[in-house]
Amino acid sequence: PVFDNYFNGALESKGALLILDAATRQIIGCTRYYDHATERKELKIGYTFFARSCWGKSYNASTKQLMLDHAFTFADTVLFHVGAQNFRSRRAMEKLGARPQGEIDVAYYGEAVRTNMEYVITRELWKQVQSKG
């Protein structure tokens, strides 16, 4: 029941992705693409969660890398909204090469408005990050 709202929003978004562990075929998380603004060639990635057994490992980074690689086949800009107090996730965004562009109030699906940091990464910046390896 705690996740009902999260999964209802995921299904309604039509951009949700289930994350499976390739070795065990166990569900380990979920994430999504959302708010695709085709005229601006921009979209958002977020609503990501992983099972606790995946925390502190490479799952989040590798998932976001795959998603960014795919997103930049049709978008020029990807945005991420991260809870302002979620310093662990904010650091993960910076490790990917995303840059903070300020605070923004966000109302997640079926939830109250919360202050988030908005991070941005462009196709060109992503190419630079990838070339540095």
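Every number in this text was worked out from the coordinates using simple rules, so none of it is lab data. Keep in mind it's a predicted model, so treat the numbers as computed, not measured. Neighbour counts run over all protein chains shown; Cβ positions are idealised from the backbone, glycine included.
Just to confirm a number: summing +1 for Lys and Arg and -1 for Asp and Glu over residues other than V113 whose beta-carbon lies under 13 angstrom from that of V113, what do you get?
Working: positive: R114; negative: E103, D105, E111.
After counting each charged neighbour, the total is -2.
Remark: the Cα gyration tensor places the chain in the rounded category, a/c being less than 1.5.
Would you mind putting 89-95, 2-8 in packing order, based on average other-beta-carbon counts within 10 Å, highest first?
Descending mean neighbour count gives 89-95, 2-8.
From the helices alone, meaning DSSP H stretches of at least four residues, give me the mean residue ellipticity at 222 nm for the chain, per-run term -39500 (n - 2.57), in deg cm²/dmol to the nearest 500. Please report the intermediate quantities before stating the final value.
On the way: 4 runs with 43 residues, N = 133.
That comes out to -9500 deg cm²/dmol.
Net charge in the neighbourhood of N8 (other residues with Cβ under 15 Å of its Cβ; Lys, Arg +1, Asp, Glu -1) is -1. Highest mean first, the peptides 108-116, 19-27, 63-71 sorted by other C-beta atoms within 10 Å per residue fall in the order 63-71, 108-116, 19-27.
Within the stretch 45-75, which chymotrypsin sites (Phe, Trp or Tyr not before Pro) sit in a loop by DSSP and count at most 16 neighbouring Cβ atoms inside 10 Å?
Values: sites: Y47, F49, F50, W55, Y59, F72, F74; in loops: W55, F72, F74.
Those that pass, being in a loop and sparsely packed, are W55, F74.
Rounded to the nearest 20, the size of the Cβ-charge dipole of the chain about its Cα centre is 560 debye, with Lys and Arg at +1 and Asp and Glu at -1.
Multiplying the sequence separation of Y109 and A51 by 0.36 nm and subtracting their Cα-Cα distance, what value in nm do you get? Each step should come with its number before you reach the end.
On the way: separation 58, 0.36 × 58 = 20.88 nm, distance 2.08 nm.
Extra length from Y109 to A51 when fully extended: 18.8 nm.
When DSSP beta bridges are restricted to pairs lying wholly in the chain, around 90% turn out antiparallel.
Within the straight-line cut-off of under 15 Å between alpha carbons, the aspartates and glutamates reachable from K14 are D35, sequence neighbours fewer than 8 places apart in one chain being disregarded. Selection among T77, L20, A107 by position relative to the dipole of the chain gives L20 as farthest towards the positive end (Cβ unit charges, Cα centre).
Checking the Cα-Cα distances for K57/K95; K57/K132; K41/K95 against a 19 Å cut-off, the pairs over it are K57/K132; K41/K95.
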